[in-house]
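The structure's right below; bear with me while I get my questions together.
The values are calculated or read from the model by the stated rules, or taken from the named source; none is laboratory data. No experiment lies behind these values; they were computed from the predicted model shown. We place every Cβ from the backbone using ideal geometry, glycine too, and count neighbours over all the protein chains shown.
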């Protein structure tokens with residue numbers, strides 16, 4: 001299964017990059033920054049005009065550039081089609097397991113170890129009827145026989161001495177034959193029945209019945225948190241896809257502005273750092289909006305269809321991945337922008353894109369492997385504190401409930417501090433390289449003394 005997720009992400013990444021390259025070639029040169037001031041512009045005719053106006057007013061020239069980037073990305077066909085595809089994928093991941101669950105077997109085979117009293121027999125039938133299940137009883141010679149029948153799927157659950165339930169794995173697991181509703185109800189009914197028997201129909205009966213608890217449910221295979229693991233893997237795929245997509249936008253955008261000499265016009269109006277900051281802020285706002293839409297859609301849809309994918313720690317894992325999308329973008333966007341300023345041809349961009357994406361690709365593949373198996377290592381936990389791989393590794397640790405709040409906060413703070421240092425270094429490179437033409441600029445030429 002993990003190979004499938006990796007392959008899907010790789011195909012999606014290649015598709016997006018090819019589409020971006022072709023779309024950029026067909027698109028005309030970017031218009032100057034006076035576009036937002038035109039009364040008839042798209043931003044003035046749309047309902048987003050007040051938002052862009054507030055952004056440009058509060059951030060000045062940086063907001064002006066950011067608004068321009070937001071309009072350009074949101075109006076693009078790639079953004080709209082990509083959003084629809086991601087929403088469709090999330091909807092399928094949430095709804096399909098629910099349909100599979102609802103279409104499960106209507107006959108529940110119950111193994112019986114130690115015999116059933118008449119009242120216990122009746123309670124099992126009532127629990128099945130309450131969940132629209134027909135009940136078939138199978139007599140088991142011993143607990144060992146019942147376990148063997150559970151493993152071979154001859155029975156769905158077993159009642160041992162009318163005092164406990166035996167399952168092969170948790171009823172909430174996607175491949176469990178036992179009906180979760182019937183298991184829960186039967187455990188509660190048997191608990192109440194035991195309370196009545198212990199009370200002996202005396203005055204203490206009311207007290208015992210009111211405090212009755214479900215009988216113990218023993219499973220042969222520990223809970224593997226399938227729902228949370230599935231959400232973690234789906235979140236990792238979306239996180240990798242969106243990070244590579246938006247960072248590639250920055251890389252290509254900077255390169256095209258430089259190669260078309262549009263950047264010379266822009267820098268006559270704003271300073272280099274304002275242009276770079278506005279571009280990063282605008283594309284980042286689009287990324288955050290798209291990710292928030294997807295997470296909100298998944299939570300609402302999961303709640304409406306009663307999906308198990310969004311129960312337990314799964315919503316926390318989703319919110320964690322949303323936060324790490326922001327932090328991961330904030331870290332990588334400066335690197336991609338600086339790299340784009342050193343190139344002015346399409347083939348140079350393709351050469352830069354692969355080494356820049358290697359840390360993300362490594363963190364993504366390793367995290368999918370760990371999320372699929374549920375087994376972490378000391379090396380993986382160390383990677384959760386390194387900014388290039390933290391967006392993927394820390395998200396998995398949250399989904400597996402193997403990280404404390406202070407460890408999570410420490411990783412966030414390390415990433416924020418590192419992002420500040422990377423931003424300063426990238427801004428220095430961008431300022432020196434963006435106006436230099438005549439071939440790709442080497443990094444060694446930019447680290448030394450400032451260009452004159």
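Would you call residue 244 part of a helix (DSSP H, G or I), surrounded by fewer than 23 Cβ atoms within 10 Å (Cβ to Cβ), in the same structural domain as residue 301 (by TED's automatic domain parsing) and modelled with pLDDT of 75 or more?
No: the conditions fail for residue 244.
Quick one: in region 275-291, of everything that is surrounded by 18 or more Cβ atoms within 10 Å (Cβ to Cβ) and more than 16 Å from residue 340 (Cα to Cα), which residue is nearest to the chain's Cα centre (by Cα)?
Here the residue is 291.
If you don't mind, there's one more thing I want to ask. Being under 16 Å from residue 178 (Cβ atoms) and at pLDDT 75 or above is the filter; apply it to region 91-112 and report the residue that is surrounded by the most Cβ atoms within 10 Å (Cβ to Cβ).
110
Could we say that residue 65 is touching a helix residue (DSSP H, G or I) at 6+ places or on another chain (Cβ under 8 Å) and either surrounded by fewer than 20 Cβ atoms within 10 Å (Cβ to Cβ) or in the same structural domain as residue 305 (by TED's automatic domain parsing) (or both) here?
no
Only one residue in 185, 133 is farther than 15 Å from residue 218 by Cβ and in contact with a strand residue (DSSP E or B) (Cβ under 6 Å, 6 or more places away or on another chain). Which one?
133
I need the helices (runs of 4 or more DSSP H) fully contained in region 338-452, keeping only those with at least 2 residues that are in contact with a helix residue (DSSP H, G or I) (Cβ under 6 Å, 6 or more places away or on another chain) and either at pLDDT 90 or above or surrounded by fewer than 16 Cβ atoms within 10 Å (Cβ to Cβ) (or both).
346-373, 378-383, 390-399, 405-433
For the condition assigned by TED's automatic domain parsing to the domain that holds residue 146, at pLDDT below 75, farther than 24 Å from residue 67 by Cβ and touching a helix residue (DSSP H, G or I) at 6+ places or on another chain (Cβ under 8 Å), what is the one hit in 306, 211?
211
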